[in-house]
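Please see the structure below; I have some questions.
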Amino acid sequence: MSKLGICVIGSGRAGMIHAENFAKNIPGSRLVAMVDPVEETARSACAKLGIDTYYTDYRQALENKDIGAMIIVTPTRFHLEIAVAAASAGKHILCEKPMAMTEDECRQMIDAAEKNKVTLQIGFMRRFDSSFMRAKEIVGRGDIGDVVMVRSNTRGPSIPQPWMYDLKASNGPLAEVCSHDIDTLRWFAGSEFKTVYAIGGNYRSPGAKQDFPDFYDNVALVASFENGMQGMIDGAQGVGYAYDARVEVLGTKGCVFIGGLNDDAVVACTADSKQAAYPLVASWMQLFRQAYLNEDLAFVESALTGAPAKVTGHDGLMAVKVVGAGNVSITEKRIVTL
C-alpha cells in the first residue's frame, strides 16, 4: 500500500503537533509539505520537521500530485474555502475544530467531500484520548446505570488572542474553547441537544471592552437533550492557574470522572508548607499529545482504506449548531430550542 502524502496548512501550535506526527509517527503516511502565509514561519517549520517543501498559499499545494491529504489548522473562517478546494482536488481532509463558522458552511464541506469521495474527519481529538475512551466503555457497559447528566469544563490559562474578540470572526469562546465540551456532551449523552441556555461575561480581557463589548471570556451553558438527559458546560480563557479540562458523567447508579489538574501521579509534601503539591497541567499540547497521535492514525486509516471517519462532518456540524444557539442565547438572554 502506497503512503499517503500529507500537507499541513497552518504552522502554529496545533499544526506542528499534527506535522510532527505525520513526519515521524504515522505508518502509511509521509509529510510532504507545510503551508503558512508567513514564509519565514513555513520555512522554519520545514527545517524543524526535516522536509524541504513549503507554500505560502494552500492553492499551490493542491497542484502537488504527491499530496493526497490536507490537514487544515487555520482560523475557522478559512476552513470552508480550503476544505471545498481540497475536496475538489481529490484530497482527503482532516479539519481542526471548530469545523466552520456556520451550519451552512459545514454542510457545504460535507457535500464537497461526499461528491468527490474523499474522507472528511473533524479534529475532536478527545474521542481518541485513552481516558475518554475508557470512560465511554464504562458508561456503555451500564456500570453507572442510565446517564442522567454530563458536565464538561475547559479553562485555558492564556489570554485570548485579539482576533478572537470579534465574535463575527471567531464565534467566541463557545467555539474556540468549548467545541470539545459540546462534542463530549453529545458523545456521552448519545443524543442531540434540544435546548440551550447560556450566559457569558468578560472578566479578564479589558482590551476587548471598548471595541467589542459583546466579547465574553467566561461562559456557562446548560442544556437538555432529545433523550431527556441534561448537560452543563463551563468555559474560560485567561484563568492563569493551569489548563483545566474535566468531565463528569452522572448516572442513576454512579458517576465517572475524567481528567484532573495534576500533570502526573507524583505528589510532593513538605514540612515547611504542611501542604501537598503536585505539578499542574500547563497546556492542552501535553495533555492530549497522544490523543492527537491516535486521531492522526485513525485519519490515515480511513483515507487509505475508505472506512468511515470516526469523527464525521455531521459531528462537526452539530457542534457548530450548538455554538450558534449558545451565542444567540447569550445575546438575547433566552432559552434557545434547536
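The values are calculated or read from the model by the stated rules, or taken from the named source; none is laboratory data. Since the model is a prediction, treat every value here as computed from it, not as a measurement. So basically every Cβ, Gly included, is an ideal-geometry build from the backbone, and we count neighbours across all protein chains shown. All accessible areas refer to the heavy atoms of the entire protein, side chains included, with ligands and DNA or RNA removed. Shrake-Rupley method; radii C 1.70, N 1.55, O 1.52, S 1.80 Å.
Amide H neighbours of G123 under 5 Å, counting only residues 5+ apart in sequence or on other chains, H built in-plane at 1.01 Å?
Distant-sequence amide H within range of G123: C95, E96, K97.
Which far-off residues, 5 or more places away or on another chain, put their amide H under 5 Å from the one on Y243, with H placed in the peptide plane?
Result for Y243 returns V281, A282, S283.
Can you tally the net charge around R43? Count Lys and Arg as +1, Asp and Glu as -1, for every other residue whose Cβ sits under 14 Å from the Cβ of R43.
Taking every Cβ under 14 Å from that of R43, the sum is -3.
DSSP beta bridges in the chain, what fraction antiparallel, as a percent rounded to 5?
Percentage antiparallel, nearest 5: 55.
Could I ask something else about it? For R107 and V38 in the same chain, what is the full-extension length gain: residue separation times 0.36 nm, less their Cα-Cα distance, in nm?
Taking 0.36 nm per residue and subtracting the Cα distance, the gain is 21.8 nm.
Hey, another quick one. Spelling out what I want: for every residue of region 175-181, take phi, set θ = phi - 60°, compute 6.51 cos²θ - 1.76 cosθ + 1.60 (Karplus), and round to whole Hz; glycine and proline get x.
Running phi through 6.51 cos²θ - 1.76 cosθ + 1.60 with θ = phi - 60° gives 8, 5, 9, 9, 4, 5, 5 Hz.
Under the Karplus relation 6.51 cos²θ - 1.76 cosθ + 1.60, θ = phi - 60°, what is the ordered set of whole-Hz ³J(HN,Hα) values for region 232-237, x standing for Gly and Pro?
Ordered by residue, 3J(HN,Hα) equals 9, 9, 10, x, 8, 10 Hz.
Next question, about the same structure. Using only the Cα atoms of region 53-124, what are the Rg and Dmax in Å?
Cα only, region 53-124: 11.2, 34 Å (Rg, Dmax).
Through the Karplus equation 6.51 cos²θ - 1.76 cosθ + 1.60, θ set to phi - 60°, convert the phi angles of region 68-77 into ³J(HN,Hα) values in whole Hz; use x for Gly and Pro.
The phi angles translate into x, 8, 10, 9, 9, 10, 10, x, 4, 5 Hz.
Within region 218-238, whose backbone N sits under 16 Å from a point 7 Å along Cα→Cβ of I199?
Under 16 Å, as judged by backbone N against the label point of I199, lie 218-223, 232-236 of region 218-238.
Give the angle, between 0 and 90 degrees and rounded to the nearest 10, that separates the Cα long axis of helix 79-88 from the longest principal axis of the Cα atoms of the chain.
40
Determine the relative contact order of the chain: mean sequence separation of Cα pairs under 8 Å and six or more apart, normalised by residue count, in whole percent.
Answer for the chain is 20 percent.
So which lysines can K24 reach, going by Cα to Cα under 16 Å and dropping same-chain residues fewer than 8 places off?
Partners found: K3, K48.
Same structure again: Based on DSSP loop calls and a cut-off of at most 16 other Cβ atoms within 10 Å, the longest stretch of the chain free of exposed chymotrypsin sites (Phe, Trp or Tyr not before Pro) is what?
Formally, the longest exposed-site-free interval is 1-202.
On a straight-distance basis, which lysines could pair with K253 in a cross-link, Cα separation under 24 angstrom, same-chain partners fewer than 8 positions away excluded?
K136
Compute the signed sum of charges (Lys and Arg +1, Asp and Glu -1) over the other residues within less than 15 Å, Cβ to Cβ, of L174.
Charge balance in the 15 Å sphere: -4.
Can I ask one more? What is the extension gain from E63 to W163, computed as 0.36 nm multiplied by their sequence separation minus the C-alpha to C-alpha distance, in nm to one decimal?
This chain segment gains 32.9 nm when fully extended.
Taking the Cα centre of region 1-45 as origin, work out the dipole magnitude from +1 charges on Lys and Arg Cβ and -1 charges on Asp and Glu Cβ, in debye rounded to 20.
Here the size comes out at about 240 debye.
In angstroms, what radius of gyration and Dmax does region 1-148 have, counting Cα atoms only?
Using the Cα atoms of region 1-148, the pair Rg, Dmax is 16.9, 55 Å.
Using a 10 Å Cβ count of at most 13 others and DSSP loop calls, identify the longest part of the chain lacking such GluC sites (Glu not before Pro).
It runs 64-191.
At a temperature of 20 °C and a viscosity of 1.002 mPa s, determine how fast the chain diffuses translationally according to Stokes-Einstein, using the Kirkwood radius over alpha-carbon pairs as Rh; express D in µm²/s, rounded to the nearest whole number.
103
Accessible area of region 122-205 with a 1.4 Å probe: how many percent of it is carbon plus sulfur?
Its accessible area is 52 percent carbon and sulfur atoms.
Still on this structure: Please identify every one of the trypsin sites (Lys or Arg not before Pro) in region 92-121 that sits in a loop by DSSP and has no more than 12 other beta carbons within 10 Å of its own beta carbon.
Those that pass, being in a loop and sparsely packed, are K117.
Can you work out the FRET efficiency for the pair E332 and A220, with r the C-beta to C-beta distance and R0 = 22 Å, to the nearest 0.05?
According to the calculation, E is roughly 0.85.
Using label points projected 7 Å from each Cα along Cα→Cβ, tell me how many nm separate A85 and Y241, to one decimal.
Once both label points are built, they end up 4.4 nm from each other.
If you wrap a convex hull around the Cα atoms of region 73-189, how much volume per residue is inside, in Å³?
Dividing the Cα hull volume of region 73-189 by its residue count gives 130 Å³.
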